[in-house]
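Taking it in order: structure first as structure tokens, then the write-up.
The values are calculated or read from the model by the stated rules, or taken from the named source; none is laboratory data. From a predicted model like this one, the values you see are computed outputs, not experimental measurements. Positions of Cβ are generated from backbone atoms using ideal geometry, with glycine treated the same way; all protein chains shown enter the neighbour counts. The area values use the complete protein model at the heavy-atom level, side chains included, leaving out ligands, DNA and RNA. Shrake-Rupley method; radii C 1.70, N 1.55, O 1.52, S 1.80 Å.
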Amino acid sequence: MATERIPTRERRPSVGAPIVDIQGGVSPAGISRPKHKRTFTGFGAGEIKSVEASIPEPQREAWLKHQVSGFKDKDAFETDVVRHVETTLARSMFNCDESAAYAACSLAFRDRLVLEWNRTQQRQTFSDSKRVYYLSLEFLMGRALDNAMLNIGQKDVAKAGLADLGFRIEDVIEQEHDAALGNGGLGRLAACFLDSLASLNYPAWGYGLRYRYGIFKQEIIDGYQVEVPDYWLDFNPWEFPRHDVTVDIQFYGNVHKSTDDSGKTVAHWEGGETVKAVAYDVPIPGYATPTTNNLRLWSSKAASGEFDFQKFNSGEYESSVADQQRAETISAVLYPNDNLERGKELRLKQQYFWVAASLYDIVRRFKKSKRAWKEFPDQVAIQLNDTHPTLAVVELQRILVDLEGLEWDEAWNIVVNTFGYTNHTVLPEALEKWSVSLFQHLLPRHLQIIYDINLFFLQSVERAFPNDRDLLGKVSIIEESQPKMVRMAFLAIVGSHKVNGVAELHSDLIKTTIFKDFVSIFGPDKFTNVTNGITPRRWLHQANPRLSELIKTKTGGEDFLTDLTLLNKIELSVNDKDFRKEWAEIKLANKVRLAKHIKASTGVTVNPSALFDVQVKRIHEYKRQQLNIFGVIHRYLTLKALTPEERKKQLPRVSIFGGKAAPGYWMAKQIIHLINSVGSVVNNDKDIGDLLKVVFLEDYNVSKAEIITPASDISEHISTAGTEASGTSNMKFVLNGGLIIGTCDGANIEITREIGENNIFLFGNLAEDVEDLRHSHTYGAHTVDPDLAKVFEAIESGTFGAQQDFAGMITAVRDHGDYYLVSDDFHSYIETHAIIDEAYRDQEGWITKCITSVSRMGFFSSDRCINEYAEGIWNIEPLPIDKSDTGLGKGEL
């Protein structure tokens, strides 16, 4: 960005922000704000050694003598907690409530984590080995305190110490707000991967955004979803502000080209608006290892500072803070509503802000090694978690060509060998596209680079396929539509050396449908599969401690938490009466806990001995919560038609829903409204009583999932076949001793293969039939299933409220092609639920299914995923741990 001439910097005003034109010069010409000076942190591998050698021996001895060590027993833990209560929080035993106890306990554990965190960074810097950088717009971390206690192995110490001080550990853990850094499976997968990377000792960093208000906090008011800010950062002891690690990020402006002394054309991106990215670091502890990796989150600030004195002094009080307010919107909310054009601009701005800051940081760290640029892919692997970070491909090319002066082909070779791309969807509408005009306005230099990438790519395609002109249009990164669009998924494929799907069916589908032309161009080897997994530390050991302890008695210890295949040992005990009895008692206790939570949060009383039927996930038509609630209405109508004597023979059931709808997704919000409207009718019907309850748990998050998942009897993973990439909640439910009803979609297929067809309830059409069915709906006869038609009649008669409130859901099925095959699968769905009822009546057979399923879930560990990524995509090795390492933590952050 530096040029020979320094023009007057003119910042682009935001829409609606007043501008002050001060007549006459009162400040130096050509300066509109003080320029922020970048600060560097840490040392490279060679620099550490020379700096260490330059420290005088007496100083080094003084540091070592007073070096901090974390608590190792109950007394030391209590000392740390009391010290933080009295000195950090300025409280005492007289006014230390549970919130203060949580804060002090967290700070005591954080102190321990920081020591290992610093040593880990030092080890990684000293080794100078290849690192992986995981770029994800979401990191759905959940609560950190319980996770830290378990991973460090000090939960029992904390429990005893807190008891001595007058607190129950469960009450203290409950005080923590979930980190609002994600929404669904994408973010939870990223969090599981960070846990596994640390637990397996891989040198790795995560990069994301520090959302001030999360996606939103969901409240249910009169049955409707209402979005309110999630003030999760009011107290967050798990992050470290790095005010010395900042990056200036440029937007808007213009590009001009000049010729340097050697005759080379150089592009200069100038003017526009600058926003400052400030780093916040979060330690990620591995399980039973000192490795503590880093998650770096970026927060947006005004580059000009928070306050403009000139505007304030001239009476422009509101606009004196407008720069700060405008800048802070970038990292305020996850997935801002993009129904409006300004929302689309904010989303693209958010994505570039994040990847530009992250790339600056990664490149800065590499340059400290003094290596040649050609070695960049040997030191750096960057994984794009979905299309959101795809701009990183363009940004790295811009850095290498415009700022570092590399030739285009050399730079592009580095870029392609650095990036890997994980695709998470086969839905064409979910593959991000941005208009060319928006790019031209917001990121003019990046649009030029995208056009150049596309030109060179299409030229290579034309050379390889000279007689296939249609192919050029099919694979072009620029979609020749009105308006022209940039296809981000295509850009990610062209700019990466590996593209992976996240389940076997999904990986096959992307190669045969949305990306089939790229397989012809690049060959099948560029495309691979890494089936998703989950971390057993959180989703078994933390979420279901009693079941974890029971499993431990049969596997000979806790090694199954790092080698999940050891679960197969419990199948030997499937007929052990005492084992089965305790298994059933644990499930009932978990259901009682969830029933108490339901009563406290919704006021609805449910019977823990009923079958708990759960569907908790992001609300979306393809996930088919509408199919579930239509099935619930069918069950209700069936029960109402029975005599009181017949009803006594029916199996009681509790249908539990949870999940958020995107603020601009009208149909998903309508589904939530119908679920709550059905619940308000069914739950108050005295004829039905405990035979059927319908519950929607608001503001579903990781902490609630840790209560819900262990209590499930049956969970629903019922997406239209071929639409769910993988799903990971299916794995969590089975790992916790629940069975699943599902379609042949995503990871359900591999779960079936592992646990056996007898232990899963599959229904519905197959992926290969979906397109033919959709075609027949549109161009042939489409008749709604008779049982579903009765459900629609009940809704339209006003049984569950004003019928116009739910008309859109009905017409989508009846009149607009039933794109998600709700009617086609409805009969099979209802029949399968009848089979589930019969299977659940045989409790002995049900317990056998549950134990067998858990014992065969060893494949679905995120540790296995990370090892596959490391070997097949990243080419990185774990860093050996020297148990005697007690360094001073001079590694760079």
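Quick notes on this one:
- Among the residues of segment 618-646, the ones that are open to solvent by less than 30 Å² (accessible area, probe 1.4 Å) and either more than 24 Å from residue 814 (Cα to Cα) or over 33 Å from the mean Cα position of the chain (by Cα) (or both) come to 2 in all.
- Unique match (being in contact with a Pro (Cβ under 6 Å, 6 or more places away or on another chain), crowded, with 24+ Cβ neighbours inside 10 Å and either in a loop (DSSP other than H, G, I, E, B) or not small (Gly, Ala, Ser) (or both)) among 202, 211: 202
- Filter pass, residue 157 being of a type in the set (A, V, I, L, M, F, W, C) and either farther than 30 Å from residue 332 by Cβ or part of a helix (DSSP H, G or I) (or both): yes
- Hits in segment 509-548 (condition: closer than 26 Å to residue 743 by Cα, among the charged types (D, E, K, R) and touching a residue at least 12 places away in the same chain (Cβ under 8 Å)): 511
- Within segment 437-541, strands (runs of 3 or more DSSP E) holding 2 or more residues that are farther than 16 Å from residue 416 by Cα and not polar (S, T, N, Q): 485-487
- Unmet criterion (only one of (1) open to solvent by less than 10 Å² (accessible area, probe 1.4 Å); (2) closer than 22 Å to residue 279 by Cα; (3) assigned to a loop (DSSP other than H, G, I, E, B)) for residue 387: (2)
- A residue that is over 30 Å from residue 800 (Cα atoms), open to solvent by less than 60 Å² (accessible area, probe 1.4 Å), outside any strand (DSSP E or B) and in contact (Cβ under 8 Å) with a residue 12 or more places away in the chain occurs somewhere in segment 251-259.
- Members of segment 853-890 found to be within 19 Å of residue 200 (Cβ to Cβ) and either small (Gly, Ala, Ser) or modelled with pLDDT under 70 (or both), listed by number: 858, 861, 862, 870, 872, 883, 885
This table checks each residue for (1) in contact (Cβ under 8 Å) with a residue 40 or more places away in the chain; (2) loosely packed, with under 15 Cβ neighbours inside 10 Å; (3) closer than 30 Å to residue 201 by Cα; (4) polar (S, T, N, Q).
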| position | (1), (2), (3), (4) |
| --- | --- |
| 245 | yes, no, yes, no |
| 268 | yes, no, no, no |
| 278 | no, no, yes, no |
| 281 | yes, no, yes, no |
| 284 | yes, no, yes, no |
| 293 | yes, no, yes, yes |
| 300 | yes, no, no, yes |
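- Filtering segment 766-816 to residues that are assigned to a loop (DSSP other than H, G, I, E, B) and touching a Ser or Thr at 6+ places or on another chain (Cβ under 6 Å) leaves 784, 785, 800, 801.
- Matching entry among 415, 363, 393 (being surrounded by fewer than 20 Cβ atoms within 10 Å (Cβ to Cβ) and at pLDDT 95 or above): 363
- Residues of segment 391-436 that turn out to be in a helix (DSSP H, G or I) and more than 23 Å from residue 267 (Cα to Cα), as a count: 5
- Condition met for residue 375 (open to solvent by 40 Å² or more (accessible area, probe 1.4 Å), assigned to a helix (DSSP H, G or I) and free of Cβ contacts under 8 Å to residues at least 12 places away in the same chain): yes
- Meets criteria (in contact with a strand residue (DSSP E or B) (Cβ under 6 Å, 6 or more places away or on another chain) and either without any contact (Cβ under 8 Å) to a residue 12 or more places away in the chain or on the phi > 0 side of the Ramachandran plot (or both)) for residue 613: no
- Criterion violated by residue 79 - all others in (1) open to solvent by 70 Å² or more (accessible area, probe 1.4 Å); (2) of a type in the set (Val, Ile, Thr); (3) in contact (Cβ under 8 Å) with a residue 12 or more places away in the chain satisfied: (3)
- Residue pairs whose Cβ atoms lie under 6 Å apart, sitting 6 or more positions apart in sequence or on different chains, and linking a residue in segment 56-76 that is touching a residue at least 40 places away in the same chain (Cβ under 8 Å) to a partner that is open to solvent by less than 100 Å² (accessible area, probe 1.4 Å), are 70/111; 70/112; 70/115; 71/77; 71/80; 74/157; 74/160; 74/161.
- Within segment 218-238, the set of residues being of a type in the set (S, T, N, Q) and under 12 Å from residue 669 (Cα atoms) comprises 218, 225.
- Only one entry in 704, 732, 686, 669 is without any contact (Cβ under 8 Å) to a residue 12 or more places away in the chain and open to solvent by 10 Å² or more (accessible area, probe 1.4 Å), namely 686.
- Residue match in segment 758-777 (condition: more than 35 Å from the chain's Cα centre (by Cα), under 30 Å from residue 640 (Cβ atoms) and open to solvent by less than 80 Å² (accessible area, probe 1.4 Å)): no
- Among residues of segment 542-574, those that are open to solvent by 20 Å² or more (accessible area, probe 1.4 Å) and in a helix (DSSP H, G or I), counted: 14
- Where helices (runs of 4 or more DSSP H) sit wholly within segment 11-122, those with at least 1 residues that are modelled with pLDDT of 90 or more and in contact with a helix residue (DSSP H, G or I) (Cβ under 6 Å, 6 or more places away or on another chain) occupy 74-83.
- Filter pass, residue 600 being at pLDDT 95 or above, assigned to a helix (DSSP H, G or I), open to solvent by 60 Å² or more (accessible area, probe 1.4 Å) and of a type in the set (Gly, Ala, Ser): yes
- Entirely in segment 640-740, the helices (runs of 4 or more DSSP H) that have 1 or more residues that are more than 21 Å from residue 849 (Cα to Cα), out of contact with any strand residue (DSSP E or B) (no Cβ under 6 Å at 6 or more places or on another chain) and of a type outside the set (A, V, I, L, M): 644-647, 666-682, 702-708
- Residue count for segment 647-662 satisfying the condition of being surrounded by fewer than 21 Cβ atoms within 10 Å (Cβ to Cβ) and of a type outside the set (Lys, Arg): 4.
- Residue 170 being over 23 Å from residue 380 (Cβ atoms), open to solvent by 60 Å² or more (accessible area, probe 1.4 Å), touching a residue at least 12 places away in the same chain (Cβ under 8 Å) and not in a loop (DSSP other than H, G, I, E, B): no
- If you go through segment 418-448 and keep only what is at pLDDT below 95, among the hydrophobic types (A, V, I, L, M, F, W, C) and surrounded by 18 or more Cβ atoms within 10 Å (Cβ to Cβ), you end up with 426, 431.
- Of all residues in segment 173-192, those satisfying the criterion of being in a helix (DSSP H, G or I) and either open to solvent by 10 Å² or more (accessible area, probe 1.4 Å) or basic (Lys, Arg) (or both) are 173, 185, 186, 188.
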